[in-house]
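These notes are about the structure you will find just below.
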Amino acid sequence: PAVFTVEVRALGSEPFTVECSPASPCGATVFAYGIVADSVEVIIVEGGIATTRDFFPEYHESRPNGPGCEPTCLQATVRVNFPI
């Protein structure tokens with residue numbers, strides 16, 4: 001679609017929202033930084049219609065600066081097929 005919004009919500013975190021459009025394309029991936037939770041809600045709004053999906057991410061640790069170096073990061077991936 002030409003314009004849509006992706007919002008990620010989790011208990012205890014500020015919602016993460018990004019608008020995707022031809023002027024500001026998201027590509028195939030949207031990164032929601034700063035959210036680590038047992039469950040997340042992903043809301044995609046297109047043409048005024050919201051579709052919601054719940055996910056239970058499984059996190060893995062990574063150390064971008066190498067073993068034994070800080071920081072330790074937690075990462076998870078959820079996949080939403082689009083269009084919904």
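Looking only at the range 25-41, how many residues end up being among the hydroxyl-bearing types (S, T, Y) and modelled with pLDDT under 85?
Looking only at that region, the number is 2.
Answer with yes or no whether E41 is assigned to a strand (DSSP E or B) and in contact with a Leu (Cβ under 9 Å, 6 or more places away or on another chain). Let's see the steps before the verdict.
Details: assigned to a strand (DSSP E or B): yes; in contact with a Leu (Cβ under 9 Å, 6 or more places away or on another chain): no.
No; evaluated as a whole, the condition is false for this residue.
Identify, please: which residue in the range 3-27 is more than 22 Å from L74 (Cβ to Cβ) and open to solvent by 70 Å² or more (accessible area, probe 1.4 Å) and is, among those, nearest to the chain's Cα centre (by Cα)? If you could, list the steps in order and put the result at the bottom.
Start the filter on the range 3-27 by keeping residues that are more than 22 Å from L74 (Cβ to Cβ), which leaves 3-5, 19-27.
Subsequent filtering for residues that are open to solvent by 70 Å² or more (accessible area, probe 1.4 Å) retains 3, 19, 22-23, 25.
Working: V3: 17, E19: 12, P22: 20, A23: 20, P25: 15 Å.
Result: E19.
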Item to check | In the range 44-75, residue most open to solvent (accessible area, probe 1.4 Å) [restricted to those that are touching an Asp or Glu at 6+ places or on another chain (Cβ under 9 Å) and in contact (Cβ under 8 Å) with a residue 40 or more places away in the chain] | outcome: V45
Checklist entry - In the range 44-57, which residues are under 14 Å from A10 (Cα atoms) and either assigned to a loop (DSSP other than H, G, I, E, B) or among the hydrophobic types (A, V, I, L, M, F, W, C) (or both)? => result F55, F56, P57
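Restricting to the range 28-43, give me the number of residues that are of a type in the set (G, A, S) and open to solvent by 60 Å² or more (accessible area, probe 1.4 Å). Spell out how you get there, then give the answer.
Going residue by residue through the range 28-43, those that are of a type in the set (G, A, S) are 28, 32, 34, 37, 39.
Going one step further and asking which of them are open to solvent by 60 Å² or more (accessible area, probe 1.4 Å), we end up with 28, 34.
Total satisfying the criteria: 2.
The values are calculated or read from the model by the stated rules, or taken from the named source; none is laboratory data. Bear in mind the structure is a predicted one, so any value in this text is a computation, not a measurement. Heads up, the Cβs are rebuilt from the backbone with ideal geometry, glycines too, and the neighbour counts pull from every protein chain shown. Note: areas computed on protein heavy atoms with side chains; ligands, DNA, RNA excluded. Shrake-Rupley method; radii C 1.70, N 1.55, O 1.52, S 1.80 Å.
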